[in-house]
Ligand code: NAD
């Protein structure tokens, strides 16, 4: 069994690290948020006092952080992973971050003598808890193979994507499609009810018809249709609007860099921005439905 350092014990990192504990690994967790650490400890994670404490003697370091700037803060600098880990330790960043930061992490890790992979995930909190995430792994073949072995307890699918940053590229394009699907599902759901359809009858039809999507099956934005939907819990976040806005922004930045028009993606990004402007950035992104049904209460 391995010694695993885990940095970032939030909505995803918490249940993912718990699955590593359940697989028999010794997991040392670090997070700036004491509540996140306390929850992880109840799942068997050992609380580390610092990044240096977490990575000392670790076989592998996982990072699961919100954005590129957090990943840079955790890997670089005097208190960071690169300064404190042993170069035999494999480094795995599972955060969803911009391609430029992912490249910077690969370059700095290689320059310091580490093996590093970008290994973002898809499957949401439900997949993190169930250990059924899809991992997309970019990096040198040897590092990808070693990472694959560690990742098994958290994953249903582990897919090598090619060289450095290709995991992030796959994740960014996947999430662009996800959020467009979510917006489409919100529009279809509201219109169906207004045309007199029972919400469950319509869901039963769409879920076995060409309107089907992961967003529809997992995140249906109408109360009492899909058990996992945040709509049942007043849009308490499973994936915040702020993170959704970040992810679709990553796609838009990558599209601009490659001269790719994303007309629908740009529109959906504008919908998330409207929710954020109304003070709802911390709520679940499926709250986008309120821009369709007209029930958004302004907190701005
Ligand atoms: P989260 O905000 O719940 O958790 C992130 C954690 O990182 C927080 O607990 C925060 O305190 C911690 N953190 C931030 N800076 C830190 C630092 N310098 N040192 C230590 N800890 C630090 O976010 P999440 O939902 O777990 O998402 C994490 C990443 O996974 C994001 O990039 C997100 O886009 C991606 N992701 C999320 C989901 C989802 O459904 N929530 C699904 C797939 C991918």
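The values are calculated or read from the model by the stated rules, or taken from the named source; none is laboratory data. It should be emphasised that the depicted structure is a prediction, and the values quoted were computed from it without experimental measurement. Using ideal geometry, Cβ is built from the backbone for each residue, glycine included, and neighbour counts are taken over all protein chains shown.
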Is it fair to say residue 205 is out of contact with any strand residue (DSSP E or B) (no Cβ under 7 Å at 6 or more places or on another chain) and more than 16 Å from the ligand (Cβ to nearest atom)?
-> yes
Considering each residue of segment 63-88, count those that are crowded, with 18+ Cβ neighbours inside 10 Å and without any contact (Cβ under 8 Å) to a residue 60 or more places away in the chain, and give that number.
-> 9
Among what's in segment 86-104 and is within 13 Å of the ligand (Cβ to nearest atom) and part of a helix (DSSP H, G or I), pick the residue that is nearest to residue 136 (Cα to Cα).
-> 102
Output the number of residues of segment 7-33 satisfying the condition of being closer than 16 Å to residue 59 by Cβ and either more than 9 Å from the ligand (Cβ to nearest atom) or part of a helix (DSSP H, G or I) (or both).
-> 10
Of all the residues that make up segment 226-249, how many are in contact with a helix residue (DSSP H, G or I) (Cβ under 8 Å, 6 or more places away or on another chain), within 9 Å of the ligand (Cβ to nearest atom) and touching a residue at least 60 places away in the same chain (Cβ under 8 Å)?
-> 6
Please verify whether segment 197-206 includes one or more residues that are within 16 Å of residue 284 (Cα to Cα) and either without any contact (Cβ under 8 Å) to a residue 24 or more places away in the chain or not in a loop (DSSP other than H, G, I, E, B) (or both).
-> no
Scanning for something within 13 Å of the ligand (Cβ to nearest atom), in contact with a helix residue (DSSP H, G or I) (Cβ under 8 Å, 6 or more places away or on another chain) and without any contact (Cβ under 8 Å) to a residue 40 or more places away in the chain, does segment 46-57 turn up at least one residue?
-> yes
Would you mind finding the one in 73, 83 that is part of a helix (DSSP H, G or I), assigned by TED's automatic domain parsing to the domain that holds residue 127, under 25 Å from residue 165 (Cα atoms) and more than 10 Å from the ligand (Cβ to nearest atom)?
-> 83
Which one is nearest to the ligand (Cβ to nearest atom), of the residues in segment 34-45 that are without any contact (Cβ under 8 Å) to a residue 24 or more places away in the chain and either part of a strand (DSSP E or B) or more than 21 Å from residue 75 (Cα to Cα) (or both)?
-> 35
Is it the case that residue 272 is outside the structural domain of residue 64 (by TED's automatic domain parsing) and touching a strand residue (DSSP E or B) at 6+ places or on another chain (Cβ under 7 Å)?
-> no
Inside segment 124-146, can you point out the residues that are within 16 Å of the ligand (Cβ to nearest atom), over 23 Å from residue 69 (Cα atoms) and not in a helix (DSSP H, G or I)?
-> 131, 132, 133, 134
Hey, does segment 212-234 have a residue that's outside the structural domain of residue 94 (by TED's automatic domain parsing) and touching a strand residue (DSSP E or B) at 6+ places or on another chain (Cβ under 7 Å)?
-> yes
Looking only at segment 105-123, which residues are in a strand (DSSP E or B) and either within 20 Å of residue 156 (Cβ to Cβ) or touching a residue at least 60 places away in the same chain (Cβ under 8 Å) (or both)?
-> 117, 118, 121, 122
